[in-house]
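Here is the structure we will look at.
The values are calculated or read from the model by the stated rules, or taken from the named source; none is laboratory data. None of the values given here were measured: they were computed from a predicted structure. Here the Cβ is made from the backbone with ideal geometry for all residues, glycine too, and neighbour counts use every protein chain on show. For the accessible areas, the whole protein counts, side chains as well, though only heavy atoms, and no ligand, DNA or RNA atoms are used. Shrake-Rupley method; radii C 1.70, N 1.55, O 1.52, S 1.80 Å.
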Protein chains: 4
Amino acid sequence: MLAIAVLGCGRIGRIHAGNIARHPRARLATVFDLRSEAARETATALGVEPAASLSAVWADSEVAAVVIATPTDTHVPLITAAVQAGKAVFCEKPIDLDPQRARACWDDIAPRKPRVMVGFNRRFDPSFRALRERLHQGEVGRLELLTITSRDPTPPPADYIRSSGGLLRDMTIHDFDMARFLAGDFTEVQAFGANLIDPEIGKLSDIDTCTVALRARSGALVQISNSRRCAYGYDQRIELFGAAGMLQAGNQRATSVEMWDARATAARDPVLNFFIERYAEAYRAELDAFVAALERGHPMSPNFSDGLEALRLAGAAEESLRTRQTVDLS
Amino acid sequence: MLAIAVLGCGRIGRIHAGNIARHPRARLATVFDLRSEAARETATALGVEPAASLSAVWADSEVAAVVIATPTDTHVPLITAAVQAGKAVFCEKPIDLDPQRARACWDDIAPRKPRVMVGFNRRFDPSFRALRERLHQGEVGRLELLTITSRDPTPPPADYIRSSGGLLRDMTIHDFDMARFLAGDFTEVQAFGANLIDPEIGKLSDIDTCTVALRARSGALVQISNSRRCAYGYDQRIELFGAAGMLQAGNQRATSVEMWDARATAARDPVLNFFIERYAEAYRAELDAFVAALERGHPMSPNFSDGLEALRLAGAAEESLRTRQTVDLS
Amino acid sequence: MLAIAVLGCGRIGRIHAGNIARHPRARLATVFDLRSEAARETATALGVEPAASLSAVWADSEVAAVVIATPTDTHVPLITAAVQAGKAVFCEKPIDLDPQRARACWDDIAPRKPRVMVGFNRRFDPSFRALRERLHQGEVGRLELLTITSRDPTPPPADYIRSSGGLLRDMTIHDFDMARFLAGDFTEVQAFGANLIDPEIGKLSDIDTCTVALRARSGALVQISNSRRCAYGYDQRIELFGAAGMLQAGNQRATSVEMWDARATAARDPVLNFFIERYAEAYRAELDAFVAALERGHPMSPNFSDGLEALRLAGAAEESLRTRQTVDLS
Amino acid sequence: MLAIAVLGCGRIGRIHAGNIARHPRARLATVFDLRSEAARETATALGVEPAASLSAVWADSEVAAVVIATPTDTHVPLITAAVQAGKAVFCEKPIDLDPQRARACWDDIAPRKPRVMVGFNRRFDPSFRALRERLHQGEVGRLELLTITSRDPTPPPADYIRSSGGLLRDMTIHDFDMARFLAGDFTEVQAFGANLIDPEIGKLSDIDTCTVALRARSGALVQISNSRRCAYGYDQRIELFGAAGMLQAGNQRATSVEMWDARATAARDPVLNFFIERYAEAYRAELDAFVAALERGHPMSPNFSDGLEALRLAGAAEESLRTRQTVDLS
């Protein structure tokens, strides 16, 4: 049984801790959070002892791997410390808001040939995974147009926005990674941003709505659109259009119920409200992939470099917003 | 150009008259209705003169065919007179409420080898027609279960109910014909009836809701359900289940619009409200089949015998309601 | 933590054992199977010791409840023994193929006021549960027509058929229970049966396809159809039609992917193949309801009496097949 | 009855001629085509005499209006001549490939206060019209993101491409007009183009695939994507996302049939293959709007100015392709 410690007991940390606890070939070694009450609560619920300190985690030779689910600005020091302590690392996205700092982190740890996986959970969604497999099996022929729609149910509070790095680094980053997962590398990017939902977001110099277009090295064109607010739930859709057809992955709901009445017919429930529900299965599969890669000594995927690339795309899209030009990526 | 006269200028008569007027190879010769105002109105709208009398229609040698869209109790005498006058006949369903009277009509006219088509319009609906073609092409293998759902938007007025012959002869008769169209002949029938919608219907000894089961000579089982009222429009669905799969023909709407909001997602419009809208294309195709059969001397389909068979099934289902037994049809 | 033993380590026993092992407020005490190898395997996978004998289970005072997932003909003696040993019981459906034997079992144990839940898992499916809640909240008004479609992916082997009690007691029994769950008690039943899929099933005097109609005390009419084979997976659908609209619970799939190409558009995956996948969530919720009822001392639901009623409906439907009459249920 | 002449008897001219012939308050006066055989054929099919010459059409005082469905480079002279002859004009899009020539045409005829409607047929599609009405009724709140997907079934022949003005002026122009119809005026545009389908198109310096992003004066962002080839038919979809929800208009098919088998479930037919089928109802409604505007003296919509604006957007998108910059539209 692979022993894993979880650092950070917020919403996403608790998801990972629970998935580790229920995993047939892994065990939750301990959890840590600066807010010791949060750590204690998570530990108790899952039947483990919270770690007294980070040093205790690094020093525990039974702990083979750590999951980093702490605030973004702590990712780089924690990755570095974990690698130095000889632990494998699963780190939530993004590695850092500053691509240079992230790259420096890698330069620092690379000599140790570290095992680092980055938490782009959507790659593990069964529907998106099926899209990729079916694309690679040639079902739609050569990919020509890829459309990614991603809308959060409600905008985060101003505090979150302030330290988020902005829409493109915080939210669109998932879509940049998904675009890479499905269409490979890119040569050009264009973007529009707008502040349509909440004036507070504009006051923080951020945007809440955007469109992004990318040109892939393969020739395919990609359209991404994002909104920080969506009345009907967490809108997560992908469409692959190719020479021989189209594959779509639609939204998901808790039931298969349809309602028919005088106002509307075949009406479905609102879609699953947010990432915890929508990507529950993806989080389990992601953790399982981390465990399996460690067991078998396989390469991590998505890895540190995937994390850097998504950051680079976000930065280039920001540059396109600023300069009103198509930005070269090659 | 085949000259056709329309007898009866009610809702369905006007539909047929309009379709004849717009048909490229037929022309509307005249229209007749005892309510001369209705006849005049329809005639004017379509640019023809109303007939002065039925005799005038029979005597007009240019009139090759008549469409009978008058009240049911006039169908038998009008069919008889038309055949005697040498006209081809398209008669709305049912031929008569009394199967014996209908059969006697046939015995009477048969020696003249008359051309008579009966108006089971649903056979000409493009979706139901596609079901039959795909069934015959073997797409679902051998047919095992056939499900027909048929619900009217609102119950007719008491006056209509009183002379309708009852739910099974008036409404289910379409489903009996559709069952024959798709599954062939039957050997057994069972039925349940209920008065759930309007107590006035019960006072007239009629039912407003029913379920019918049939066993086909082929072995397939059929389920029909009817309701005289449907909140979301005119519900018309068919499902064919066979050894290799299933074909369904669903409801239809005026637009392809879907609505997504906080209450419901992917919500479609109410379905087309009633037969005039839902079967507009079927009425056109039905009239075209009548014209084509006359032009080419092909057999009529559905013919008088199809009309008799649907009546016989309705009668047997009524017997099952009354006797609480499975009724033999062979 | 409520300690539960599982008797029977076949497919469904293993499902329950796993769900108990993962339940936050229950623990798997032990498992038993006459095939000791099966017991050992299940026990090892879940980290418990298999029981040496049934007596050992009855004698274990820590074991508060048992799950009976053994062959049907052992249900009655095991329920009786478990109740005599003071255990609460969760028993898979059906209680017994012989309604009289099942009733005698109840007469036998009733004085002990036993806690017995019967495994009608479909009541716990989130979609079917939502149907019932929304029906009770009045969303479709008074229920008038209920349609239940239930088709297994492939017919079971002849051996299974031989001891199954026949289609109506083995397969339709789930639909009888679902009909009761949604429409209450019934006054009349009609049925047709056919042997369309596998002649071997006919040789065993069983049917593989059926239609059943029921009349509810409330007035609502119910149509059930079953097939032992379904090309596109495990077809499980329910439709509630009422005065104000319709609710449908459709089939479910592993992904939300749609395929569009030259042959077909918006094509979805085959539906979840069989009960293990389709009702995974229902099995979890069912076990949770059992645990919760025990913790709180609430009545069991579905209970022994629900098991008897479903058997009674199956018997009456068989009588309708045999006598070709509508059978009274009141 | 309003007498209308049709100039140009190609595919689209014949559609308009037929719709005029069947219109209850208009009549087809005559048709003209330089290819006299085409004119004769269309005239005969619709029961009129072809015009001997254009001068004959201009001179015919009974002809109140003309439909111009000739090659694009003849639109400007024909509009001018028709207006000088005092006729109302319905002209197919685009007015001209050269926006300056189109503007000069307007300057030329404007003093006569001409009645000119431009053939943006999609505005009359019942589903797209419903989108607009429901948007204006506030169903989705303030519009934030508009997505237009438009894909032709097969690329046109090289000859057509050569004189088409390029993808953006020939095909995307419909989407520019639809974007204006739904989102009003625009301030900025970005575009990517690619030659992915047919190398011959690239040799003609044209593209066959594109993405366009627009920023509306209202703040809303728009994404358009086009392809000259689509395996599953003529893909025509629109999505409106706003503060309170989303409206989508999906593709349309000839039947409501769904197929379920071992490979796929709920599979629909390919979508209606091309504009003649997909927009049949839109062409009828468009002609009816032209007739109604003439009868009532109402303003034409879409008018000459709408035609100019769509051309201007196409030109700006081409500039964005060329300069790799965001282009200002205000």
Rounded to the nearest 20 debye, what is the charge dipole size of chain A about its Cα centre when +1 sits on each Lys and Arg Cβ and -1 on each Asp and Glu Cβ? 440 debye
Suppose only helical runs count, i.e. DSSP H with n ≥ 4. What mean residue ellipticity at 222 nm does that imply for chain D under -39500 (n - 2.57) per run, divided by all residues and rounded to the nearest 500 deg cm²/dmol? -11500 deg cm²/dmol
Relative contact order (percent, whole number), chain D, Cα cutoff 8 Å, 6+ residue spacing: 19 percent
Going by the alpha-carbon gyration tensor, a ≥ b ≥ c the square roots of its eigenvalues, is region B:223-271 rounded (a/c under 1.5) or, if a/c is not under 1.5, prolate (a/b greater than b/c) versus oblate? oblate
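How large a share of the accessible area of the protein assembly as shown, in percent, is made up of carbon and sulfur atoms when the probe is 1.4 Å and the other protein chains stay in place?
Summing carbon and sulfur atoms, their accessible area is 49 percent of the total for the protein assembly as shown.
Please identify every one of the trypsin sites (Lys or Arg not before Pro) in region C:119-187 that sits in a loop by DSSP and has no more than 15 other beta carbons within 10 Å of its own beta carbon.
Here the trypsin sites (Lys or Arg not before Pro) that fit, given the DSSP loop and packing criteria, are C:142.
Can you tell me the relative contact order of region B:9-104? Whole percent, Cα pairs under 8 Å, sequence separation 6 or more. Display every interim value, and only then the final one.
Details: 111 pairs, mean separation 22.3, N = 96.
About 23 percent, as a whole number.
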Area buried, chain D against chain C - accessible surface, total, 1.4 angstrom probe, square angstrom: 1300 Å²
Cut-off 15 Å between beta-carbons: net charge of the residues surrounding residue B:228, Lys and Arg +1, Asp and Glu -1: -4
Lys/Arg Cβ at +1, Asp/Glu Cβ at -1, dipole of region D:184-316 taken about the Cα centre: which of D:316, D:221, D:250 is farthest positive-ward? D:221
Heads up, I need the accessible area for residue C:171: 1.4 angstrom probe, whole protein in place, Å², nearest 10. 10 Å²
Quick one: if the Förster radius is 45 Å, what FRET efficiency do residue C:277 and residue A:217 give, using the C-beta to C-beta distance and rounding to 0.05? 0.70
With all protein chains in place and a 1.4 Å probe, residue B:276 shows an accessible area in Å² (nearest 10) of 40 Å²
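Using the heavy atoms of the protein chains alone and a 1.4 angstrom probe, what is the accessible area of chain D per residue in square angstrom? Intermediate results must be reported in sequence, preceding the final value.
Numbers: 12230 Å² over 330 residues.
I get 37 Å² per residue for this part.
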Inter-label distance, nm, simple model (7 Å from Cα along the C-beta direction), residue A:298/residue D:305: 6.3 nm
Does the protein assembly as shown come out rounded, prolate or oblate, given a ≥ b ≥ c as the square roots of the eigenvalues of its C-alpha gyration tensor, rounded meaning a/c under 1.5 and, failing that, prolate meaning a/b above b/c? oblate
What are the residues whose amide H is under 5 Å from the amide H of residue A:230, where those residues sit 5 or more places off or on another chain and H is modelled from the backbone? A:154
Given Cβ point charges of +1 (Lys, Arg) and -1 (Asp, Glu) and nothing else, what value in debye, to the nearest 20, does the dipole of the protein assembly as shown about its Cα centre take? 0 debye
How large is the accessible surface of residue B:36 in square angstrom, using a 1.4 angstrom probe and rounding to the nearest 10? 90 Å²
Top to bottom by accessible area (1.4 Å), largest first, where do D:49, C:200 land? D:49, C:200
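Please give the charge dipole size of region C:221-330, origin at the Cα centre, charges +1 on K and R Cβ atoms and -1 on D and E Cβ atoms. Round to the nearest 20 debye. Before the final figure, lay out each step's value.
On the way: 12 positive and 15 negative charges, 70 e Å.
Computed about the Cα centre, the dipole is about 340 debye.
Looking at region A:17-78, which trypsin sites (Lys or Arg not before Pro) are in a loop (DSSP not H, G, I, E or B) and have at most 15 other Cβ atoms within 10 Å? Intermediate values should be presented prior to the final figure.
Values: sites: A:22, A:25, A:27, A:35, A:40; in loops: A:25, A:35.
Answer by residue number: A:25, A:35.
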Can you give me the relative contact order of region C:74-213 as a percent, contacts being Cα pairs under 8 Å and 6 or more apart? 19 percent
Based on the alpha-carbon gyration tensor of region B:2-114 and its eigenvalue square roots a ≥ b ≥ c, which shape applies: rounded if a/c is under 1.5, prolate if not and a/b is larger than b/c, or oblate? prolate
